[in-house]
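Comments concern the structure below.
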Amino acid sequence: MLKKIAEKFKGDRKYFSIVFFILIILVVSGIVTENYIDKTKSDWSNLVVEKISKLENSIKKDYNFKQDDLLQKLSIVKKDLRSSLKPENETYKELLRSINNRSLENFSIEIFAPNGKLIAWNNRIALNPDGLFPLSFPLGEVYFLSNDIVTNLAIIDTAHIQSDDFYIALSTPIEELIKINNQFSKNISFTQDILEKYEIDAEIDYSPYSEKSKDGRKYSFELINNNGNKIGVVSFVKPSLNNSINIIRDYSTKIQSLLVLFALIFVGLGLMSDFKKIHSYLFRFILLIVYLVILRVLIFAFGFPSNFISGPLSNPAYFSSPFAWGFVKSPIEFFTTIFFVLIISIQFFRYTKNHLLDNERKTHKKYFIAAVLGLSVIIFLLIRGISATIRSIVFDSTIRYFKEPNLIPDFPSIAMNLNMLLFTFAAVLLILGFLNIILSFIDFRKISLKHFLLLVVLNYLVSFIAYYISNDPLLTPIMLFMILLFLHLLYYQVIVRVQNSIYNYLIVLLVSSVISISLLNLFNTKLEKESLKTTSWEINRTDSNLLSFMLDETIRSVKNDKNILSQFGERFSNYDAIAFKLWAKSPMQRESLNSGIQFYNNKKQIIGKYLIGIQPDNSIFNNISKDDEIIVVPVFDKQENVIDYYSAVIEIRERGILRGYVAAFVDFNIKSIGAFNYPTFLESNLSVFNKVVDVKQLKIFQFKDGVLNNVYGDIYPSRDQIKQILNTEVDSLFNESWLKINFNSEKYEAYLLKSEEDDSEILTVVAIQESAFSWDLFKFFKIFIIHSLFIIIAYLIIILLCVRKISLTFKAKLLLSFLFISIIPVVVLAVYNANLVTERGKEEILNELSQRADYIEKNLTAQLSKFNNRDLITASQNASDELGMSFALYLSTDQIYNSNDIYNKIGLMHSKLNPKAYYFLNYLKYQEFITSEKVNNYQYDSYFRFIRIKDKDYILSVNDAFNKIRVTISTNEINVVIFGIYSFAVIIIIIISTIFANQISQPIQRLTKATDAVSKGDLNVTIEHNERGELKDLLDGFNQMTSELKKNQAEIAEMEREAAWKEMAKQVAHEIKNPLTPMKLALQQLIISYKDKSKDFDKLFEKVSTTVLNQIENLNHIASEFSHFAKMPSLKIEEVDLLNVLNDTVNMFMHEKINIIVSTDLKSAAIDADVGQLRRMFINLIRNSIQADASVINLEIYVKENKFILTIKDNGKGIPALQKEKIFEENFTTKKHGMGLGLSLAKRFMTNISGEITLKESSSEGSTFELIFPAKKII
């Protein structure tokens, strides 16, 4: 019963059944949604309690996970502590090494001796080394350790070892209170995690003394530590009924949208079989476009996938183009649109290729030139479309594809690279399709080099005419020439040379990658050129009004911060950290301007500050802001009488009592552009000056009334260059111009902007070296590394699609051998060279830092020798100022001087010696050591060495976080080029290995199939080839073998027939002779009796007659026996699958120059027949078509009136009209060496199984046979 029901839903019916069930679910979901909303409204009081409880438990679970992780790490540290402090270990060497492993790098670990002295630590120090006692919280209990910039989840515990108690302080950050606008900020926030995960507005008070919120709209609960004590309070807004209903409706709408989309997809699948029956490629293609366009519009209307996927892929900030009415408004929408375009492109390419290779199509040679001219315009427009799309990818995106030299970019950049590659791939397939259409106007089999060269020349001619006619062609002529060259070479490879290899798509993908990267570089160059204009405008835009606005915004945020007043009253407030925190969220940091914030007490004495690139004085108190008005004033340089900086000051009062002052400062000048005074880990990634090009590559000159008064960069223009700049004519509308300048034999592209300021003429020139615009290896390989990964993934997908059953065939073994032998050395060389480059990069940094350490040591020694009374700290400060270098000095493990001590005070760094440096210098007795350190996610190199000053040993530390080191070329850039070259080599190796494996294995596969055909009785098979060497001998030997076998078979058959007839003649003579003798004797006796007139003649006549008749009957019996002996062997009738036998037979001819197409909607076709005779009949019929010079054979099976109809249609030379009636006669043949048995045997076989075979039609364009089989089972 179930089987019968299942059979009714097979084929296309199952898809329409799914659509029917989807529609039912759609209706039901609407009813269920409304009922669920009504239930929610009626039971909201209970539901809200349940939701709150669920949220509370989930948040507690998240917190407990962090707490359990901390406790687990504590047990690991305890174990390491006990193993390290064994009696045989006299030092803390092993302990220091064990706690500085990678598994613990996200934790701060500090181990104290029983007397409270710090004895071991790692790179992160959260607890002040001198602040262990008094304990902030009971031993063994988790608590929140907070300072001004971060809150840590911490625990202090003891480990009892050898009658002593050692203290372990372990912590991990849980909430950062400062966010720097750059890629190095970690952005650790438990509060933000809760917001993103549960979509609720939450607040966390990390204090054991915090109270629950008294706001009725909020719900609060306590965070409990491992000992059951309260350590904080979480408060979040209670779920509202309206919001919950909106969420339900939103989810319901999303589900219903997906159901509609699935229904439409299954409708398409259900119509697939009817779609395949359409013979017109054009009509089929139009229907496909209509269906996909409708599907894409519905997907867009339903907000899929943007409304279903959150994150960077759906963020328009990464990419959003006004093109196509919002269909590409985000990276994921762009990908969705490209996916549909790609399907259309692949099908267009396939349809046009099939049409081109169809030998039955009509050719129109007289329209060939017109087709080339007309379709070449479309090809040019497609190339321009590729250009416009990639231009949009560059200009409408915040992603800078070449700016960051990292080997593997971030996820949005990878996604956009995939979009770019797929779109170019789709467009290239469309272009190849149009080239197919052009060549379809002539006979492709007879295409000559002349035709192809004519196509190329006309294509170039039309494209360049269209290029020069176009108002904005986007491309350069050289780029257009190269793209057309790539496309024509590609077409020659994938269509003219190798027509039916699926691996051709890999070559298309590779060429698409080269084209897209070239265009990306071209438009990135244009964007960089535009950035010169942007930089110039921003320099002129940054006037007193903008700086005043920044100060006003900063001071107002201070004024509105309620915590500022309370912190002024606290005795132990860290005003440096507070100043830094206020500065970090100000617009001054966002634009990376010289700026700062200072705190003063009520006596105008500095109590805390954070300044960068600016040194204010007390003249700022001449203008103090009061009430709501913020007064911003310029402060002048007393020596040069120019504005030094702008300042704003406000009073901090509590109940009318003056507590102190807060001042903010900002400055802008050309010399400070590009965060010149900023350490890298504080540079903003939001500044307009570094969004496109590295500002440090720019050279900026500013003239005031024709006099050069500001220069940025290491080049000062000569008198002739200044004259060239001043004499440059500017555009009358925009007061701008472009010019080229030579500095030190290097060409620079420059943008000049003229403006007015205070009745003075300002001329701003921004220049960049032209080589920065060049198409270099770094830019190409930086993108190609990513594309190569996509190409390799595509290659693996193709292999999986081609290999349905996992088996190591000869071809697979050959390919794997080629790849293994070729790729392994390439990978090893790439890794080796990358390591070599890394080591040399480290050596270069080591040498640079070592030289700086030499200068510092010599300066300190010289100062202290010359000035005996000068202390080391003063000498260190003088050395830092004189040399312009930052460094730190350590006595033992404690820092005694740091040029950038402010970052220790803030809490971004600490004053303890790097533990690895201590380990190598103190325990392993290294004289110098270099290691990597981190500030947030910014990694820098620190160099340490012993120096001896006044008979005392100190450790000098110099790093490249504050000392900018110029290396010849960065390690990342070299690695990009190295891995790019090797990835390109790997792709080429894969393609060449695949081609070679196919070339070598294809003759073997053809030989295997041919041998299989011979084993099944087809001795007419021959292997045509162009091989040389051993393969030629092998294939020629096979052909000779089959020819000899066929000849020997005929000879043996003839001999066997002759011998059989001789033996049969003997037997017949013997058998016939036996009855003839008695017949002769009887008749002789009868004759004698007749002559003698015997009276017994009648009786004798009757007797003789009986004898003769008996002998005649005997002869008849003998004749019947011999007749049965001469009959054909009997058939072995059994149930066979007609489709399987036909497909097996077709596979035997897969390596011959024939295109055999099997068309059917049937899953199986069961008939009663002899499988051997059936296969031999199919072989004979297909072989007849091949011998009639057919290139295409179409086999179609369908059901009609409970019978299977098989039509065999070829495009051979046909059967002459006079011979059509004789083809089924025995011994009739039109072949030189034929026996005339094939079709007669087929006719006899079909008759024996109650079937029919007829010749439906035959002409010079081909023949069609129709075979009718009685059906036994139809599926």
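The values are calculated or read from the model by the stated rules, or taken from the named source; none is laboratory data. Since this is a predicted model, take the numbers as computed values, not measurements. FYI the Cβ positions are ideal-geometry reconstructions off the backbone, even for glycines, and counts take in every protein chain you see.
Can you name the residue in the range 381-422 that is among the hydroxyl-bearing types (Ser, Thr, Tyr) and at pLDDT below 85 and is also farthest from Ala317 (Cα to Cα) among such residues? Don't jump to the end; show me each part of the working.
Within the range 381-422, the first condition is being among the hydroxyl-bearing types (Ser, Thr, Tyr), and the residues that meet it are 387, 389, 392, 397-398, 401, 413.
So of that shortlist, the ones also at pLDDT below 85 come out as 397-398, 401.
Details: Ser397: 7, Thr398: 7, Tyr401: 15 Å.
My answer is Tyr401.
From the residues in the range 273-292 that are closer than 17 Å to Ser1159 by Cα and of a type outside the set (Ser, Thr, Tyr), which one is surrounded by the most Cβ atoms within 10 Å (Cβ to Cβ)? Give the steps one after another, and end with the answer.
Our first condition is that a residue be closer than 17 Å to Ser1159 by Cα; within the range 273-292, this holds for 273-281, 284.
Right, trim to of a type outside the set (Ser, Thr, Tyr) and you get 274-279, 284.
Numbers: Asp274: 10, Phe275: 14, Lys276: 11, Lys277: 10, Ile278: 12, His279: 7, Arg284: 16.
Per the stated criteria, the residue is Arg284.
Considering only the range 1196-1248, state which residues are among the basic types (Lys, Arg), at pLDDT 80 or above and touching a strand residue (DSSP E or B) at 6+ places or on another chain (Cβ under 9 Å).
Residues of the range 1196-1248 that are among the basic types (Lys, Arg), as a first pass: 1200, 1203, 1209, 1213, 1220, 1222, 1231-1232, 1243-1244.
From the residues that got through so far, the ones that are at pLDDT 80 or above too are 1200, 1203, 1209, 1213, 1243-1244.
Once the filter is applied, which keeps residues that are among the basic types (Lys, Arg), at pLDDT 80 or above and touching a strand residue (DSSP E or B) at 6+ places or on another chain (Cβ under 9 Å), the range 1196-1248 yields Lys1200, Lys1203, Lys1209, Lys1213, Lys1243.
Given the criterion under 19 Å from Ala415 (Cα atoms), crowded, with 18+ Cβ neighbours inside 10 Å and polar (S, T, N, Q), identify the matching residue among Ser397, Ser376.
Values: Ser376 fails: under 19 Å from Ala415 (Cα atoms).
Sole residue among the options that is under 19 Å from Ala415 (Cα atoms), crowded, with 18+ Cβ neighbours inside 10 Å and polar (S, T, N, Q): Ser397.
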Selection status of Phe368, assigned by TED's automatic domain parsing to the domain that holds Glu333, part of a loop (DSSP other than H, G, I, E, B) and over 32 Å from the mean Cα position of the chain (by Cα): no
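Please go through the range 1160-1198 and pick out each residue that is part of a strand (DSSP E or B) and within 17 Å of Val1136 (Cβ to Cβ).
Our first condition is that a residue be part of a strand (DSSP E or B); within the range 1160-1198, this holds for 1165-1169, 1192-1198.
Those that are part of a strand (DSSP E or B) and within 17 Å of Val1136 (Cβ to Cβ): Ala1165, Ala1166, Ile1167, Asp1168, Ala1169, Leu1195, Ile1197.
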Note down all Cβ pairs under 9 Å where the first residue falls in the range 267-287 and is on the phi > 0 side of the Ramachandran plot, the second is part of a loop (DSSP other than H, G, I, E, B), and they're at least six residues apart or on different chains. none
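Kindly provide the set of residues from the range 712-738 that are over 16 Å from Trp537 (Cα atoms), under 45 Å from the mean Cα position of the chain (by Cα) and surrounded by fewer than 16 Cβ atoms within 10 Å (Cβ to Cβ), ordered by number. First the steps, then the outcome.
Initially, the range 712-738 is screened for residues over 16 Å from Trp537 (Cα atoms), giving 713-729, 732.
Pick out the ones that are also under 45 Å from the mean Cα position of the chain (by Cα) and you get 713-715.
Once the filter is applied, which keeps residues that are over 16 Å from Trp537 (Cα atoms), under 45 Å from the mean Cα position of the chain (by Cα) and surrounded by fewer than 16 Cβ atoms within 10 Å (Cβ to Cβ), the range 712-738 yields only Asp714.
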Only one of Phe334, Phe304, Phe339, Phe348 is part of a helix (DSSP H, G or I) and out of contact with any Phe, Trp or Tyr (no Cβ under 9 Å at 6 or more places or on another chain); which? Phe339
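Given the options Lys699, Lys704, name the one that is buried (at least 16 other Cβ atoms within 10 Å of the Cβ), at pLDDT below 90, charged (D, E, K, R) and on the phi < 0 side of the Ramachandran plot. Can you show your working first?
Values: Lys704 fails: buried (at least 16 other Cβ atoms within 10 Å of the Cβ).
So the residue among Lys699, Lys704 that is buried (at least 16 other Cβ atoms within 10 Å of the Cβ), at pLDDT below 90, charged (D, E, K, R) and on the phi < 0 side of the Ramachandran plot is Lys699.
Any residue at all in the range 256-264 that is assigned by TED's automatic domain parsing to the domain that holds Tyr351 and under 23 Å from Gln347 (Cα atoms)?
Step one: of the range 256-264, the residues assigned by TED's automatic domain parsing to the domain that holds Tyr351 are none.
So far as the range 256-264 goes, no, none of its residues is assigned by TED's automatic domain parsing to the domain that holds Tyr351 and under 23 Å from Gln347 (Cα atoms).
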Scan the range 665-678 for residues that are crowded, with 20+ Cβ neighbours inside 10 Å and modelled with pLDDT of 85 or more and jot them down. Phe665, Val666, Asp667
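Just the residues that are of a type in the set (D, E, K, R), touching a residue at least 60 places away in the same chain (Cβ under 8 Å) and outside any helix (DSSP H, G or I), please, taken from the range 533-586.
At the first step, the residues of the range 533-586 found to be of a type in the set (D, E, K, R) are 533, 538, 541, 543, 552-553, 556, 559, 561-562, 570-571, 576, 581, 585.
Then keep just the ones that are touching a residue at least 60 places away in the same chain (Cβ under 8 Å); that gives 533, 538, 543, 552, 556, 559, 576, 581, 585.
Listed by number, the residues that qualify are Asp543, Lys585.
Listed here are the residues, each with its yes/no results for (1) in contact with a Lys or Arg (Cβ under 8 Å, 6 or more places away or on another chain); (2) more than 28 Å from Leu908 (Cβ to Cβ); (3) polar (S, T, N, Q); (4) at pLDDT 90 or above.
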residue: Gln67; (1), (2), (3), (4): no, no, yes, yes
residue: Ile76; (1), (2), (3), (4): no, no, no, yes
residue: Leu95; (1), (2), (3), (4): no, no, no, no
residue: Ser98; (1), (2), (3), (4): no, no, yes, no
residue: Phe107; (1), (2), (3), (4): yes, no, no, yes
residue: Pro114; (1), (2), (3), (4): no, yes, no, no
residue: Gly131; (1), (2), (3), (4): no, no, no, no
residue: Gly140; (1), (2), (3), (4): no, yes, no, yes
residue: Tyr143; (1), (2), (3), (4): no, no, no, yes
Out of all the residues in the range 670-684, is one or more in a loop (DSSP other than H, G, I, E, B), out of contact with any Ser or Thr (no Cβ under 6 Å at 6 or more places or on another chain) and among the β-branched types (Val, Ile, Thr)? yes
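Can you confirm whether Phe190 is more than 24 Å from Ser566 (Cβ to Cβ) and surrounded by 17 or more Cβ atoms within 10 Å (Cβ to Cβ)?
Here the answer is no, as Phe190 does not meet what is asked.
Show me the strands (runs of 3 or more DSSP E) entirely contained within the range 114-190 in which 3 or more residues are small (Gly, Ala, Ser) and within 25 Å of Ile204 (Cα to Cα).
Values: elements: 118-121, 142-146, 150-161, 164-176.
No strands (runs of 3 or more DSSP E) qualify here.
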Quick one: Ala1188 ticks every box in (1) touching a residue at least 24 places away in the same chain (Cβ under 8 Å); (2) closer than 25 Å to Ile1249 by Cα bar one, so which box is it? (2)
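Please state which one of Ile657, Ile624, Ile606, Ile650 is among the β-branched types (Val, Ile, Thr) and touching a residue at least 40 places away in the same chain (Cβ under 8 Å). Spell out how you get there, then give the answer.
Numbers: Ile657 fails: touching a residue at least 40 places away in the same chain (Cβ under 8 Å); Ile624 fails: touching a residue at least 40 places away in the same chain (Cβ under 8 Å); Ile606 fails: touching a residue at least 40 places away in the same chain (Cβ under 8 Å).
Testing whether each residue is among the β-branched types (Val, Ile, Thr) and touching a residue at least 40 places away in the same chain (Cβ under 8 Å) leaves just Ile650.
Quick one: which residue in Phe221, Phe236, Phe262 is at pLDDT 85 or above and in a helix (DSSP H, G or I)?
Numbers: Phe221 fails: in a helix (DSSP H, G or I); Phe236 fails: in a helix (DSSP H, G or I).
After ruling out the rest, the residue left standing is Phe262.
Just one of Leu439, Leu455, Leu435, Leu429 is under 27 Å from Ser983 (Cβ atoms), of a type in the set (A, V, I, L, M, F, W, C) and touching a helix residue (DSSP H, G or I) at 6+ places or on another chain (Cβ under 7 Å); which is it?
On the way: Leu439 fails: under 27 Å from Ser983 (Cβ atoms); Leu455 fails: under 27 Å from Ser983 (Cβ atoms); Leu435 fails: under 27 Å from Ser983 (Cβ atoms).
The unique qualifying residue is Leu429.
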